[in-house]
């Protein structure tokens, strides 16, 4: 099984943008710059989803992550102390150990992925219209999880408002 | 030149997950820690969507599941930022290594 050349090039461009954004997030010193770098990562992930024939998930990704979550995090930074930037300091023992652990985890995952042979039994049928196919799937087979997740979202947002609301004076 | 499609996507997701793990464990600003956790969740989403096309049994279920994951991640981000704002208002702290009230 092999890439078509165009797909290969597109995959590498998106992968470069994704990993580049994540690496820049680790290396920038100003907090707002880190959020913008991660916004690029989220946008490029949307591009990869389009390549994977998941158009609806791609646009949800761009709306929710590149739009809502990034803006929410920037608001969070603005409303807390942000002028102090992470100065590049020599690595502590904890950071070194964490880096070693992350690299070891990646090595384990990499060899496991190389070892597995995943052969599709058939080709994905994304439907005539991906959004319609997903909607029909959710509203016929997954109605209860959908309702539960909407309940969870409502409760979470009400909880967030209650937590972040300024308390009344004198209470 | 033949490259296995599925393992390329899975390797990319593994790289993203490890970067997110490193960021979540070492960054000082609490908002960046939350964003690193979002990055790890995104790696999981990429796995789900990639395997819904290149897995053993390709179907739309992976995409539907990733939609649910995105919803829960959005709720988590909202509650996390609200907690950070509340901590900052009451204690004046915005960095994770300062938040150690439970230790004393």
Practice task
Normalise the Debye intensity by I(0) for chain B, one equal point scatterer per Cα, no solvent, then take log10 at q = 0.09, 0.12, 0.14, 0.16 Å⁻¹ and round to two decimals.
Solution key: -0.33, -0.53, -0.66, -0.78
Problem - segment A:1-85: C-alpha pair distances exceeding 14 Å, % - result: 67 percent
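Peptide B:80-92: average number of partner chain Cβ atoms within 10 Å per residue?
The mean count of partner-chain Cβ atoms within 10 Å per residue comes to 5.
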Handout entry: Cα Rg over Rh - segment A:128-171, Kirkwood
Key = 1.35
Fill in the blank from the handout: Listed residues A:48, A:105, A:16; largest mean-square fluctuation, Gaussian network over chain A with Cα springs below 10 Å, found at A:105
Exercise for the section: Return the single residue from B:32, B:70, B:87 with maximal mean-square fluctuation; model: Gaussian network over chain B, springs between Cα atoms under 10 Å. Expected result: B:87
Practice task
Return one number: the angle in degrees, 0 to 90 and rounded to the nearest 10, between the long axis of the Cα atoms of helix B:61-91 and the longest principal axis of the Cα atoms of chain B.
Solution key: 10 degrees
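I want to verify the translational diffusion coefficient of the protein assembly as shown in µm²/s; compute it with Stokes-Einstein, Rh as the Kirkwood radius over Cα pairs, at 20 °C and 1.002 mPa s.
107 µm²/s
Below 8 Å between Cα atoms, with a sequence gap of 6+, how large is the relative contact order for segment A:1-85 in percent?
It rounds to 27 percent for segment A:1-85.
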Practice task
Quick one: among B:47, B:90, B:29, which has the greatest mean-square fluctuation in a GNM of chain B with alpha-carbon springs under 10 angstrom?
Solution key: B:90
Practice task
Mind giving me the nanometre distance, one decimal, between the label points for residue A:114 and residue A:140, set 7 Å out from Cα along Cα→Cβ?
Solution key: 4.4 nm
Practice task
Relative to the longest principal axis of the C-alpha atoms of chain B, give the angle of the C-alpha long axis of helix B:5-26, reported between 0 and 90° and rounded to the nearest 10°.
Solution key: 10 degrees
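Here, each number is a calculation from the coordinates, and none is a lab measurement. All values reported here derive from a predicted model rather than from experimental measurement. With ideal geometry, Cβ positions are generated from the backbone for all residues, glycine too; neighbour counts draw on all protein chains shown.
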